[in-house]
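Participant: Okay, handing you the structure first.
Every number in this text was worked out from the coordinates using simple rules, so none of it is lab data. Here the structure is a predicted model, which is why all the values come from computation and not from measurement. Positions of Cβ are backbone-derived with ideal geometry, glycine not excepted, and every protein chain shown enters the neighbour counts.
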Amino acid sequence: MARMKIRVSLRCIVGVGVLAVSGCGLVLGLDDFEDAAPAGSATSGGATSAGTGGGGTCEPESKVECYSGAPGTEGVGICQAGTQACKQDGSGYEACSGEVTPAAETCASTEDEDCDGKDCVAWATLIGGAEGEAVNDVAVDAMGNVYVVGTFEGAIPLGEDVLIASGENDAFLVKFSPSGEYLWSRQLGGIYHDTAYAIAVSPEGEAIVAVVEFDTRLDHSEVVLQRYESSGALSWRRALGGSMCGIVPSSVGSMAIVSDGSVVVAGIYCGEIRFDETHAVSNETGLPDAFVAKIRSSDGGIDGREGWVTVFGGDDVQYVADVAVDAADNVVVVGSFWGELRFGDASLQSAGKADAFVAKLTNLGLVSWVRSSGGVYGDRFDSVAVDRFGGPVVVGVFDGTFDLGGGEIAVGKVTHVVSRYTTSNIYRWHRTFDMDDVLLGGLSVDARGESLVVGGLIGDVELDGETVHPISADDLLLVKMGERGDLLWTRAFGHVGNRGAVALAHSDAHGLFVVGRANGMADFGAGTMVPDGESDGFVAKFVP
């Protein structure tokens, strides 16, 4: 039933005060009435039509609302009804004019394009209880299910389940559906301090989790890998060993899935890391060395034909921060080193306190090339992703004067840098972000070669002539750059914690997933969420 205002014309009046023309249907004197929509018209929430719908008539110059979008979307976000005007001869209605219906959502604007009442966030949730929790890493399978790992204290409720820590703090693994529904969770760890820094998931949903068990009071540290089926059943657990490097435990900081189902793991170690009876690496300097290994997903061991271990060592400190695998199963790792960085028969020397490095390895673990960058201060690369051609995009922190490959760069303060290289180690471009205003974390590259970086926004920042203003004092920041480094868009989401977003996973089919720690109320564009304790871990899905 359409609700409308109508002028009563003489042609609707027959006899004394009675309207007899079909479609008028009211008593003379009422100007606000309900009537069936004229044939060929559309009402709010219905379908539009420009024709007469079978010869129906209407009042010339009268108008009705029209809307062809999905029910429940009119008046939400950008969506609004239009109008249809009756033709001059009264034979029907013109086409609907001025309506706006749902469109594909994008983070490039602050508008709600798909008219679901939310910004470009599809869903978001907190993980936590009365203590402090954090989500450290995220992965997504081919169906769009989401897997996150992190650390918690005490107890955390998840759906109808409750995870209870065995020690002072334990690690956790949680699986969500593509729509954000909680599916299952696992508590990981024992009596020590336990946390999970990294996860890798196969397309079928088999999850490999890296857990670090340590206790500085007992000088205990051990790296543990655990594999779970998509149902949550434990497939295997392998303790690799390791020891404390001073106050820093041996750990696996990043992992990636190879096309044959194998897993590349990267981390730091002191003491001995043993993958199986015949493959081990040892470091007795008391300072961390870096390692990269390709292991079997079936049991965590190393296949003698295709598995391998590569060490980046030296007399001082070496760190591997992140790892990525390209379409040909070549491996790219990034990190930092003090003094000398040795790999095979070659080596590099740092220019100052610490230099950043990026290295490409073949699918057999042989070093193809290594690039170092840095000046007299401490510099590092923190994150890496590869494009469809195998070229790495890296995020790092630099200070003073340094060269990324395109010539000398001078900055007056500690600065975030995003730089890009070809698969054969040719410099392409870089961008800098003032760390007084921006803190950058995780990185991904989509099928178009566009880079997505997540981080925090502290204050106003000018990017390509546009000023990005924080919503609060501790915003989550998303930055998207084009294939040539041009800035496509930036978005800020308030009250998340400017150091809270630590990792992301991107799927061209399923969207962008960001994780981290919320140190207070968090708003990703779908309403404010408040942690139960001092901090909660968070997971948010965006449609970038």
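Participant: Using the Karplus curve 6.51 cos²θ - 1.76 cosθ + 1.60 with θ = phi - 60°, what ³J(HN,Hα) values do you get for each residue of region 112-117, in whole Hz, with x for Gly and Pro?
Facilitator: With coefficients 6.51, -1.76 and 1.60, one gets 8, 6, 8, 6, 9, x Hz.
Participant: Which ³J(HN,Hα) values in Hz, rounded to whole numbers, follow from the phi angles of region 285-290 under the Karplus curve 6.51 cos²θ - 1.76 cosθ + 1.60, where θ = phi - 60° and Gly and Pro get x?
Facilitator: Ordered by residue, 3J(HN,Hα) equals 6, x, 10, x, 9, 9 Hz.
Participant: Given VAL468, GLY405, ALA501, which one lies farthest toward the positive end of the charge dipole of region 396-544, if we put +1 on the Cβ of every Lys and Arg and -1 on the Cβ of every Asp and Glu?
Facilitator: GLY405
Participant: Take each of the peptides 178-190, 316-328, average the number of other beta-carbon atoms within 10 Å over its residues, and list them starting from the highest.
Facilitator: Highest-to-lowest ranking by the protection proxy: 316-328, 178-190.
Participant: Also, quick follow-up: Which residues in region 276-294 have a backbone N closer than 18 Å to a point placed 7 Å from the Cα of ASP315 along the Cα-to-Cβ line?
Facilitator: 283-290
Participant: Related question: Give me the percent relative contact order of region 137-257, please, defined on Cα pairs under 8 angstrom at least 6 residues apart.
Facilitator: Numbers: 324 pairs, mean separation 24.5, N = 121.
Reported relative contact order: 20 percent.
Participant: Please report, in whole Å, how far the alpha carbons of region 137-257 spread along each principal axis, starting with the longest.
Facilitator: 42, 30, 20
Participant: What does the charge dipole of the chain about its Cα centre add up to, to the nearest 20 debye, if the Cβ of each Lys and Arg holds +1 and the Cβ of each Asp and Glu holds -1?
Facilitator: My answer is approximately 940 debye.
Participant: By a straight-distance test (C-alpha under 30 Å), which lysines pair with LYS413 as possible cross-link partners, with residues fewer than eight away in the same chain excluded?
Facilitator: Once the sequence-local lysines are set aside, what remains near LYS413 is LYS353, LYS360, LYS480.
Participant: Using every alpha carbon pair in region 209-264, what percent of pairs falls into each 10 Å bin from 0 up to the bin containing the largest distance?
Facilitator: With a bin width of 10 Å, the distribution comes to 22, 44, 25, 8, 0.
Participant: Taking amide H atoms as placed 1.01 Å from N in the peptide plane, list the residues 5 or more away in sequence, or in a different chain, whose amide H sits under 5 Å from that of GLY314.
Facilitator: So GLY314 has HN proximity to ARG342.
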